[in-house]
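Take a look at the structure below.
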Amino acid sequence: NPHYHNIITESHGKVGLITLNRPKALNALSSDLFHEVNDALVKYDDDSNIGAIVITGSERAFAAGADIKEMSDQTFAQVYKSDFLGHWGKINDIKKPTIAAVNGFALGGGCELAMCCDIIYAGEKALFGQPEIKLGVIPGAGGTQRLVRAIGKSKAMEIVLSGRNFSAQEAERWGLVSKILPSDKVLDEAIKLGQDIANLSQPAIQAAKESINAAFELSLKEGCHFERRLFQSLFSLNDQKEGMSAFVEKREPKWTND
Ligand code: CAA
C-alpha cells in the first residue's frame, strides 16, 4: 500500500504480512506508525483471501517501544484528553489469528505489541523487556496486565520493576514465546504457521481464538460454558459436516468456510 510511510504490507498466499519499517528509529511506535498498523490489520481482517496476519520488524529490532521523542514533551492534559495509546487497543478486536515474528529488540511498546499478538515466534537473539520504569513511567499498552498473565507475578514484577531485558530463551521457558528459531528462519516459520492456520476452516479458527481469549475474562465455569456453546454452534457449519465426514471416509477435508 503506497499510502503507508512507516510499514510495508504484502500478502504471502493467505497470510497478510505487516513489516514495521522505521529503521532509523529502531521501529519506535509513533502514533503515525500505529495508525498504519491498525489500518492494515483492519484491511486484512476484512479480506476474505487472508486467513492469518504476521507482524514483524527487522533483524535489529521488532520495535524499541513507543516513540520517546514524540512523548517527552507531552503534558498530562494532552495525553489524557487524546487518550494517548488508546488506539493501540484495535489489535485486540482483530478476529483473525495474529503472529508476531520477533528479532532484535522488543522493548516497551514493542514487547506489548508482540504480547497483543496471539502467538509469538522469536529469533534466538531477540531481546524483550519493559524498560519504562527507567523513563520514569510504567508500561502503558498492557505490559503490566499481559506479562503477569503470561509469566506470573514474581517474574512480571521483577521485569517491570527493574526494567531489565530478558532473552528469547527466558521468554520461551516462561511461556511468553511459543518457539525460538534461528534469526533468519523466524519470519519464514511464522508465515508457514500462518499458512497452516489459514488453510483450516476459518469460522472454526475464529471460534477457537475467541474462546481462548475468553479465558482471560471469564471464570473457569463461565469459560467452559462459553466454549461448549461455541462448540455446539459449529455444528451448524458445512465445515463441521465436511471435517467429520472426511475423517470417516479417510480423505482430506475441503473447507468451504461456511
Ligand atoms: N523512541 C524514539 N526513538 C528511539 C527509540 C524509542 N523508543 N528507541 C530507539 N530510538 C532511536 C534512537 O534515539 C536513535 O536515534 P538517533 O540515531 O536519532 O539518536 C536510534 O533509534 C538508534 O538507537 P540507539 O542509538 O539508542 O541504538 P543502540 O543500539 O545504542 O540502543 C536500544 C538500542 C537499547 C534499543 C536503545 O535505543 C533504547 O534503549 N531504546 C529505548 C527503549 C525503551 O525505553 N523503550 C520503551 C519506550 S516507552 C514505551 O514503550 C511506553 C509504552 O508502554 C507503550
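Below is a table of values for the structure above.
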| read-out | value |
| --- | --- |
| Enumeration of residues in segment 97-138 that are over 8 Å from the mean Cα position of the chain (by Cα) and either assigned to a strand (DSSP E or B) or not assigned by TED's automatic domain parsing to the domain that holds residue 56 (or both) | 101, 102, 105, 106, 107, 121, 122, 123, 127, 128, 129 |
| Evaluation of residue 141 against (1) assigned to a helix (DSSP H, G or I); (2) within 12 Å of the ligand (Cβ to nearest atom) (one fails), failing number | (1) |
| Residue match in segment 243-257 (condition: outside the structural domain of residue 144 (by TED's automatic domain parsing) and within 26 Å of residue 65 (Cβ to Cβ)) | no |
| Matching option when the condition is near the ligand (Cβ under 8 Å from one of its atoms), touching a residue at least 24 places away in the same chain (Cβ under 8 Å) and of a type in the set (A, V, I, L, M), among 113, 147, 135 | 135 |
| All positions within segment 1-50 that are closer than 22 Å to residue 70 by Cα, of a type in the set (S, T, N, Q) and outside any helix (DSSP H, G or I) | 6, 19, 21, 27, 30 |
| Residue check, residue 96 more than 7 Å from the ligand (Cβ to nearest atom), more than 26 Å from residue 182 (Cβ to Cβ) and touching a strand residue (DSSP E or B) at 6+ places or on another chain (Cβ under 7 Å) | yes |
| So residue 148, is it of a type in the set (Val, Ile, Thr), part of a helix (DSSP H, G or I) and either surrounded by 16 or more Cβ atoms within 10 Å (Cβ to Cβ) or assigned by TED's automatic domain parsing to the domain that holds residue 71 (or both) | yes |
| Yes/no for residue 69 being of a type outside the set (A, V, I, L, M, F, W, C), within 15 Å of the ligand (Cβ to nearest atom) and under 23 Å from residue 133 (Cα atoms) | yes |
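One line per residue, one yes/no per condition, for (1) closer than 16 Å to residue 104 by Cβ; (2) more than 16 Å from the ligand (Cβ to nearest atom); (3) at pLDDT below 95; (4) not assigned by TED's automatic domain parsing to the domain that holds residue 167:
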{"position": "12", "(1), (2), (3), (4)": "no, yes, no, no"}
{"position": "16", "(1), (2), (3), (4)": "no, yes, no, no"}
{"position": "23", "(1), (2), (3), (4)": "yes, no, no, no"}
{"position": "35", "(1), (2), (3), (4)": "no, no, no, no"}
{"position": "45", "(1), (2), (3), (4)": "no, yes, no, no"}
{"position": "48", "(1), (2), (3), (4)": "no, yes, no, no"}
{"position": "60", "(1), (2), (3), (4)": "yes, no, no, no"}
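The values are calculated or read from the model by the stated rules, or taken from the named source; none is laboratory data. As the structure is a prediction and not an experimental result, all values here were calculated from the model. Methodologically, a virtual Cβ is constructed for each residue, glycine included, from the backbone with ideal geometry; neighbour enumeration extends over all protein chains shown.
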